[in-house]
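Report on one structure; see the data block that follows.
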Amino acid sequence: MDYDEKRERLAERLRYELNLSKKVYEAIKKVPRHLFVPERYKEEAYVDTPLPIGYGQTISAPHMVAIMCELLDLKEGDKVLEVGTGCGYHAAVVAEIVGKKGKVISIEYIPELAEKARTILQALGYNNVEVIVGDGSKGYEKEAPYDKIYVTAAAPDIPKPLVDQLKPGGKIVIPIGDSVQWLIVVEKDEEGNVRKRNWGSVRFVPLRGEYGFKSVRYD
């Protein structure tokens, strides 16, 4: 099984279908998604689909990871907050784009997932990613402000702490909604005014925490 060949084929297809920028294409082509998924799903790692990672959570489809990276307009040196580490794959892709001068602070609600993600990210040499266990819906004040923030689970609304922790000129990408979900891009201008736009319909697991859905359960 040649994972490298499958990964390159996936990256080429996404570049063509989504008109990816060079930096996002290169990151998708480089990050070994098969190392982030559970053993029984390795053969499907380069199929463009979400996959279960345990605890009722999923790894996002590669096309959605790529789209969110493009919408954020990530730049080398950016400090980025990720809400919902999951298996760590999305953080690795972002870490490739922001580079060694950048930093990804990733918050995960489920301790077991955080530990697994931390282990694999460290093993792969992603020293610019810090995984923290906590309620990411409240952001992470200690490292604020952030150039970019993205959320990998759907929230009832845009959490105010995330907007507060975003730098002027920064962006948030977040799925909003329950049975119907929309991917929202939030931009804060230099005066602190916020503008929102709707990218389109998506499907994510629900966000947990103070600004998430209160009745969420996981197995």
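The values are calculated or read from the model by the stated rules, or taken from the named source; none is laboratory data. This is a predicted model, so every value here is computed, not measured. Glycine also receives a Cβ, built like all others from the backbone with ideal geometry; neighbour counts cover every protein chain displayed. To get the accessible areas, we keep the full protein, side chains included, count just its heavy atoms, and leave off ligands, DNA and RNA. Shrake-Rupley method; radii C 1.70, N 1.55, O 1.52, S 1.80 Å.
Some observations on this one:
- Considering only residues in region 166-190 that are in contact (Cβ under 8 Å) with a residue 60 or more places away in the chain and in contact with a Leu (Cβ under 7 Å, 6 or more places away or on another chain), the one that is most open to solvent (accessible area, probe 1.4 Å) turns out to be K171.
- In region 118-138, the residues that are among the β-branched types (V, I, T) and surrounded by 21 or more Cβ atoms within 10 Å (Cβ to Cβ): V129, V131
- Inter-residue pairs, beta-carbon under 6 Å, first free of Cβ contacts under 8 Å to residues at least 24 places away in the same chain and outside any loop (DSSP other than H, G, I, E, B) and in region 34-50, second open to solvent by less than 50 Å² (accessible area, probe 1.4 Å) and aliphatic (A, V, I, L, M), 6+ apart: Y41/L51
- Residue satisfying condition, being in contact with a strand residue (DSSP E or B) (Cβ under 6 Å, 6 or more places away or on another chain) and of a type in the set (F, W, Y), within set Y16, Y41: Y41
- Applying the criterion of being in a loop (DSSP other than H, G, I, E, B) and in contact (Cβ under 8 Å) with a residue 40 or more places away in the chain to the residues of region 51-63, the residue that is least open to solvent (accessible area, probe 1.4 Å) is S60.
- Single residue of E141, E76, E115 found to be open to solvent by 50 Å² or more (accessible area, probe 1.4 Å) and touching a helix residue (DSSP H, G or I) at 6+ places or on another chain (Cβ under 7 Å): E76
- Test: residue in region 88-107 that is closer than 20 Å to A45 by Cα and open to solvent by 10 Å² or more (accessible area, probe 1.4 Å): yes
- The set of residues in region 191-215 being closer than 15 Å to L162 by Cα, in a loop (DSSP other than H, G, I, E, B) and in contact (Cβ under 8 Å) with a residue 12 or more places away in the chain consists of G192, L207, R208, G209, E210, Y211, G212.
- Test: residue in region 144-163 that is under 15 Å from the mean Cα position of the chain (by Cα) and more than 22 Å from G200 (Cβ to Cβ): yes
- Answer from E17, E12 - the residue that is open to solvent by 20 Å² or more (accessible area, probe 1.4 Å), in contact with a Lys or Arg (Cβ under 9 Å, 6 or more places away or on another chain) and outside any loop (DSSP other than H, G, I, E, B): E12
- Of all residues in region 1-57, those satisfying the criterion of being small (G, A, S) and at pLDDT 95 or above are A11, S21, A27, A45.
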